[in-house]
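Down below is the structure, laid out as structure tokens.
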Ligand SMILES: Nc1ncnc2c1ncn2[C@@H]1O[C@H](COP(=O)(O)OP(=O)(O)OP(=O)(O)O)[C@@H](O)[C@H]1O
Ligand SMILES: [Mg+2]
């Protein structure tokens with residue numbers, strides 16, 4: 001379904017602030033699989049998701065989704081195939097628009113925007129039905145601006161918007177990191193339900209070891225803009241939080257070695 | 001009384017400017033100074049066509065269309081070429097100054113004779129009221145002044161309703177979301193650059209329409225008439241928001257129209273009191289400055305009060 005090959009992305013190339021965020025990521029994801037992405041801060045997880053959804057164009061490599069080479073496609077053109085939930089609960093919804101208007105926009109993801117009315121009775125009924133399933137009491141507040149809701153409520157709605165039209169690929173980037181534990185649990189549960197119900201091909205970034213071992217059927221660990229480990233099938237099922245922490249420790253030690261080696265070279269040669 | 005009626009009429013006509021500014025500044029958070037060029041563009045285009053005997057409806061529509069093109073140009077310079085928004089507006093406004101002079105052929109085009117909107121409205125007034133003057137709550141007012149006011153008010157109400165309806169369609173909702181959260185709107189598959197181009201085009205169309213009507217009301221188009229218009233429109237929008245006290249779409253649109261009329265009445269009264277006309281723009285700019293800064297300041301002092309002493 002998703003085919004990422006040799007993708008490179010460098011920000012501020014050629015300046016002292018140069019950041020090599022992606023240094024040759026290759027990754028192939030089969031239809032219907034639910035992939036967890038972990039890695040230390042700044043290793044390029046969000047950059048990878050942004051590259052796939054087209055927030056920017058990559059410097060090298062190719063990205064294929066559902067048989068299309070989307071490497072040069074602008075973001076809005078990829079959007080019909082991709083559902084996204086961001087880390088920041090403010091990113092996924094339009095605060096001054098009502099819940100109904102936000103959902104209505106999402107229900108027409110990938111359609112041409114015309115002069116038709118956005119709120120048909122049928123759509124409103126479906127909204128009420130779907131929103132009431134969240135058990136957040138929002139079905140009576142469909143005409144309230146979405147900006148008046150809590151982060152957890154907004155994130156649950158963003159998830160609903162991302163999956164209203166079934167996406168070829170669902171991208172979740174630490175989408176519960178900014179929520180209180182209770183809301184985070186709720187949003188994770190909703191995500192899991194929706195992914196298994198609609199058999200969504202998904203990529204989910206998380207820093208929670210618990211989520212990483214409990215969810216998904218595949219786990220990749222990134223480091224310094226590359227995929228370092230890739231666990232699938234039985235291997236993924238056997239993984240425990242302790243194993244992952246051990247991998248992180250390994251990485252940290254290797255980094256320190258690198259640093260001390262660099263320090264030594266600097267002392268000797270500079 | 002006839003002074004106030006005149007002021008209110010101008011207020012209605014300029015509320016189209018306020019609606020245009022509302023669209024660019026409040027919906028897209030885009031301070032679009034193109035407005036100062038497009039109001040003159042609308043006025044000049046309509047005036048020169050009227051002088052050449054074109055039908056007033058066609059002349060007005062042509063002014064409106066010219067404004068739409070100007071707005072689209074600013075949008076394209078901004079979104080396709082990545083030029084800063086304010087600068088894109090300044091570029092088009094500056095270019096429009098020359099273009100307006102070319103269109104008008106000279107810096108001032110008077111509309112002394114011939115048919116136009118105002119003569120339509122006046123004729124309508126005479127036939128409806130059946131006399132030269134009407135008695136309004138004890139005041140003798142000229143029938144033609146009153147009918148012009150009513151026609152302007154009805155016309156603006158019609159445009160405001162169309163704008164309201166448009167902003168609630170699928171396209172219009174996407175447009176509102178673009179200014180609110182462009183990341184979200186791209187993620188729902190909308191080309192947000194196109195939304196900005198279209199939005200600025202509609203905005204400047206309204207502004208130019210306002211100019212076209214203003215020229216017909218005051219009887220001339222002048223190449224300098226756009227100066228300060230953006231801030232005047234903004235003042236109307238801000239007054240309107242204060243009047244309705246909510247950010248709900250329908251109320252804000254109504255507010256912008258009311259704000260524009262109230263603003264013109266205030267100006268008329270101020271001038272009557274002997275305020276120097278030369279100071280009007282200074283006072284307006286200061287008013288808008290205060291209105292922009294005050295909410296932030298109030299919020300800050302409120303927060304300071306809330307903070308415990310030994311935090
Ligand atoms: N749009 C951007 N402009 C400049 N630098 C960027 C941009 N996006 C990412 N980076 C840089 O790329 C590197 C990788 O960032 P990225 O956000 O992908 O990390 P991450 O793995 O998601 O980390 P975290 O776990 O903290 O979210 C960082 O050094 C970051 O500063
Ligand atoms: Mg990240």
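The values are calculated or read from the model by the stated rules, or taken from the named source; none is laboratory data. This structure is a prediction, so every number in the text was calculated from the model and none was measured. Reconstructed Cβ throughout: ideal geometry from the backbone, glycine too, with neighbour counts over all protein chains shown.
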Specify the residue that is farthest from ligand 1 (Cβ to nearest atom); the eligible residues are those in segment A:40-56 that are within 14 Å of chain B (Cβ to nearest Cβ) and assigned to a loop (DSSP other than H, G, I, E, B). A:54
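Here are A:35, A:19: which of them is modelled with pLDDT under 95 and within 16 Å of ligand 1 (Cβ to nearest atom)?
When all the criteria are applied, what remains is A:19.
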Name every residue in segment A:109-135 that is more than 14 Å from chain B (Cβ to nearest Cβ), surrounded by fewer than 14 Cβ atoms within 10 Å (Cβ to Cβ) and not in a helix (DSSP H, G or I), in order of residue number. A:133, A:135
Considering only residues of segment A:14-29 that are in a loop (DSSP other than H, G, I, E, B) and in contact with a strand residue (DSSP E or B) (Cβ under 9 Å, 6 or more places away or on another chain), which is surrounded by the fewest Cβ atoms within 10 Å (Cβ to Cβ)? A:17
Examine segment A:172-182 for a residue that is within 14 Å of another protein chain (Cβ to nearest Cβ), assigned to a loop (DSSP other than H, G, I, E, B), under 27 Å from residue B:28 (Cβ atoms) and at pLDDT 90 or above, and state whether such a residue exists. no
What's the number of the condition residue A:76 fails, among (1) touching a strand residue (DSSP E or B) at 6+ places or on another chain (Cβ under 7 Å); (2) at the interface with another protein chain (Cβ under 8 Å from one of its Cβ atoms)? (1)
Of (1) crowded, with 18+ Cβ neighbours inside 10 Å; (2) within 9 Å of another protein chain (Cβ to nearest Cβ); (3) touching a residue at least 40 places away in the same chain (Cβ under 8 Å), residue B:168 satisfies every one except (1)
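Determine, yes or no, whether residue B:184 is within 14 Å of chain A (Cβ to nearest Cβ) and out of contact with any helix residue (DSSP H, G or I) (no Cβ under 6 Å at 6 or more places or on another chain). First the steps, then the outcome.
Working: within 14 Å of chain A (Cβ to nearest Cβ): yes; out of contact with any helix residue (DSSP H, G or I) (no Cβ under 6 Å at 6 or more places or on another chain): yes.
Here the answer is yes, as residue B:184 does meet what is asked.
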Matching residues in segment B:171-181 (more than 7 Å from chain A (Cβ to nearest Cβ) and closer than 18 Å to residue A:80 by Cβ) number 1
Exactly one of (1) in a loop (DSSP other than H, G, I, E, B); (2) more than 7 Å from chain B (Cβ to nearest Cβ); (3) surrounded by fewer than 18 Cβ atoms within 10 Å (Cβ to Cβ) is unmet by residue A:89. Its number? (3)
Would you check if there is a residue in segment B:226-246 being within 14 Å of chain A (Cβ to nearest Cβ), touching a helix residue (DSSP H, G or I) at 6+ places or on another chain (Cβ under 8 Å), under 28 Å from residue A:99 (Cβ atoms) and surrounded by fewer than 19 Cβ atoms within 10 Å (Cβ to Cβ)? yes
Selection status of residue A:98, surrounded by 15 or more Cβ atoms within 10 Å (Cβ to Cβ), farther than 19 Å from residue A:200 by Cβ and away from chain B (no Cβ under 14 Å): no
Which residues, counting only those in segment A:185-207, are within 16 Å of ligand 2 (Cβ to nearest atom) and over 11 Å from the mean Cα position of the chain (by Cα)? A:207
Exactly one condition in (1) within 14 Å of chain A (Cβ to nearest Cβ); (2) touching a strand residue (DSSP E or B) at 6+ places or on another chain (Cβ under 9 Å); (3) buried (at least 21 other Cβ atoms within 10 Å of the Cβ) is not met by residue B:211; state its number. (1)
Does segment A:252-261 contain at least one residue that is within 16 Å of ligand 1 (Cβ to nearest atom), closer than 21 Å to residue A:41 by Cβ and either under 16 Å from the mean Cα position of the chain (by Cα) or within 14 Å of chain B (Cβ to nearest Cβ) (or both)? no
Inside segment A:146-171, the number of residues satisfying the requirement of being more than 16 Å from ligand 1 (Cβ to nearest atom), in contact with a helix residue (DSSP H, G or I) (Cβ under 8 Å, 6 or more places away or on another chain) and not in a helix (DSSP H, G or I) is 7
Would you point out which residue out of A:40, A:47 is within 15 Å of ligand 2 (Cβ to nearest atom) and surrounded by 20 or more Cβ atoms within 10 Å (Cβ to Cβ)? A:47
Among (1) out of contact with any strand residue (DSSP E or B) (no Cβ under 9 Å at 6 or more places or on another chain); (2) within 16 Å of ligand 2 (Cβ to nearest atom); (3) within 12 Å of chain B (Cβ to nearest Cβ), the one test that residue A:154 misses: (2)
Only one of A:62, A:71 is away from ligand 2 (no atom under 16 Å from the Cβ), away from chain B (no Cβ under 12 Å), buried (at least 18 other Cβ atoms within 10 Å of the Cβ) and within 21 Å of residue A:35 (Cβ to Cβ), namely A:71
Of everything in segment A:57-86, what is part of a helix (DSSP H, G or I) and within 23 Å of residue A:141 (Cβ to Cβ)? Give them in sequence order. none
